[in-house]
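Reviewing the structure listed below.
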Protein chains: 4
Amino acid sequence: MNEHTQSQLDALNACVAACEHCAAACLQEQDVNMMARCIGLTRDCADICALTARLVARGSDYAAQLAPVRAAICQACADECGRHAHRHCQECAEACRRCA
Amino acid sequence: MNEHTQSQLDALNACVAACEHCAAACLQEQDVNMMARCIGLTRDCADICALTARLVARGSDYAAQLAPVRAAICQACADECGRHAHRHCQECAEACRRCA
Amino acid sequence: MNEHTQSQLDALNACVAACEHCAAACLQEQDVNMMARCIGLTRDCADICALTARLVARGSDYAAQLAPVRAAICQACADECGRHAHRHCQECAEACRRCA
Amino acid sequence: MNEHTQSQLDALNACVAACEHCAAACLQEQDVNMMARCIGLTRDCADICALTARLVARGSDYAAQLAPVRAAICQACADECGRHAHRHCQECAEACRRCA
């Protein structure tokens, strides 16, 4: 695997982990209602980035076709997470931004 | 879940199962080299349709955004499988076509 | 695919869809805090049942090895969902029970 | 995320990527028949390690319950890949061993 592929995979995997961690931590917050949109978006984002990582690692043509959808969910997730002060949200927003 | 959503899910799940079954059966064929492209495409197709089914079931906006990619891989997979006489390939081609 | 495999896949796919739908609907409820455990469990359950369905469809030996974990999460999810009166929770509990 | 969790995730993600890359490269080899078992095992291994990474990142109780199954498939995959001289197989065997 070349360096470019590896750095793509690192960004994708970091985004998946940050989204999973954020969703789980949001469910433990005092006011979960406030975090509902965040939980929904991190779920979609984790799923789409995880699939992209698989396609990138196997050299599939469909990784590139998924790119616009992945960029859109990463941006939406970064925007939503960025609105919350929780550390897990701020870290997730940062990981999503790097991935978008 | 309404009837339309359920019939979408049925088509997606049938496609995932047919692709998984086809890939596994291709690996048992006498001439696996002939089936290499089929194995690669069924893998991508199963992964993309499985993710779509999850997004559809949760009512995500990103299911619609994935639709063109999913249609493209289903069509590519149907075309490749349709070229092989094996029963698992013909069944997979049919499931992919219904899904595309 | 024989009848037994198909009925296993149907139960698994129905469970995945019910869990996804339940998690999404829980996030729209008035008191999301009450549903936090349900959302967490349905997520794990959907992921584990979706993987099992893939392994079953490809005839993998590891489907059987996953069976005890899958039965445990289906049971835990059925128990938690069964405690809530929401229709999506009751339907999810039923789908998980059939799958366990 | 603490250091232990991060190093677990790194090992799991490296294993997923190595398995995906190995399966795709095996399909391009001159004698795919020889690689059929390898392709099948790397697929199961990638799927099970990818799910485990998701569960670990979200702090799920079910990550630990999956551990024996994951160790078994990583070991089986390392053994099979270790028997082939291809560089992608040797790298995959190494990644699986570190993960097991």
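Let me spell out the model: positive unit charges on the Cβ of Lys and Arg, negative unit charges on the Cβ of Asp and Glu, origin at the Cα centre of the protein assembly as shown. What dipole size does that give, in debye rounded to 20?
Using only the charged Cβ atoms, the result is roughly 0 debye.
Run the label-point distances for A:M34 please: 7 Å along Cα to Cβ, every other copy, nanometres, shortest first.
Here the equivalent label points are 2.1, 6.2, 6.4 nm apart from this one.
Could you give the length gained by full extension between B:M34 and B:R98, i.e. 0.36 nm per residue of separation minus their alpha carbon distance, to one decimal place?
Extra length from B:M34 to B:R98 when fully extended: 20.6 nm.
Taking the 0 to 90 degree range and rounding to the nearest ten, how far is the long axis of helix A:62-82 tilted relative to the main principal axis of chain A, both from C-alpha atoms?
With rounding to tens, the tilt is 20 degrees.
With Rg and the Kirkwood Rh both taken from Cα atoms, where does Rg over Rh land for the protein assembly as shown?
0.94
Of all the residues in chain C, which one has the C-beta that comes nearest the axis relating C to D, and what is the distance in Å?
Taking Cβ atoms only, the nearest residue and its distance are C:L51, 3.
Compute the angle between helix A:3-26 and the longest alpha-carbon principal axis of chain A, please, reported from 0 to 90 degrees and rounded to the nearest 10.
With both axes taken from Cα atoms, the answer is about 20 degrees.
So what's the Cα pair-distance distribution over segment C:10-61, bin width 10 Å, in %?
Histogram of Cα-Cα distances, whole percents per bin: 27, 43, 21, 8, 1.
Segment C:3-99: percent of C-alpha pairs farther apart than 24 Å?
Considering segment C:3-99, 19 percent of its Cα-Cα pairs are separated by more than 24 Å.
Amide H to amide H, which residues 5 or more places from C:V32 or on other chains are under 5 Å from it, using H placed in the peptide plane?
A:N33
Go through B:A17, B:T5, B:A76 and say which Cα lies farthest out towards the positive end of the charge dipole of chain B; charges sit on Cβ, +1 for Lys and Arg, -1 for Asp and Glu.
After comparing all options, I get B:T5.
Specify the angular offset, from 0 to 90 degrees and rounded to the nearest 10, of the alpha carbon long axis of helix A:32-57 from the longest principal axis of the alpha carbons in chain A.
Long axis of A:32-57 versus the principal axis of chain A: about 10 degrees.
Quick one: go through segment A:2-44 and flag any residue whose amide nitrogen is under 20 Å from the point 7 Å out along the Cα-to-Cβ line of A:A85.
A:22-23, A:25-39
A:D10 versus D:A72, label points 7 Å from Cα toward the beta carbon: distance in nm?
Label-label distance for A:D10 and D:A72, simple model: 3.6 nm.
Please report how far the C-alpha centroid of segment A:30-100 lies from that of segment B:29-100, rounded to the nearest whole angstrom.
Segment A:30-100 and segment B:29-100 have Cα centres separated by 25 Å.
We did not get these values from a lab; they are worked out from the coordinates using the rules stated. Treat the numbers as computed from the prediction; the structure is a model and nothing was measured. So basically every Cβ, Gly included, is an ideal-geometry build from the backbone, and we count neighbours across all protein chains shown.
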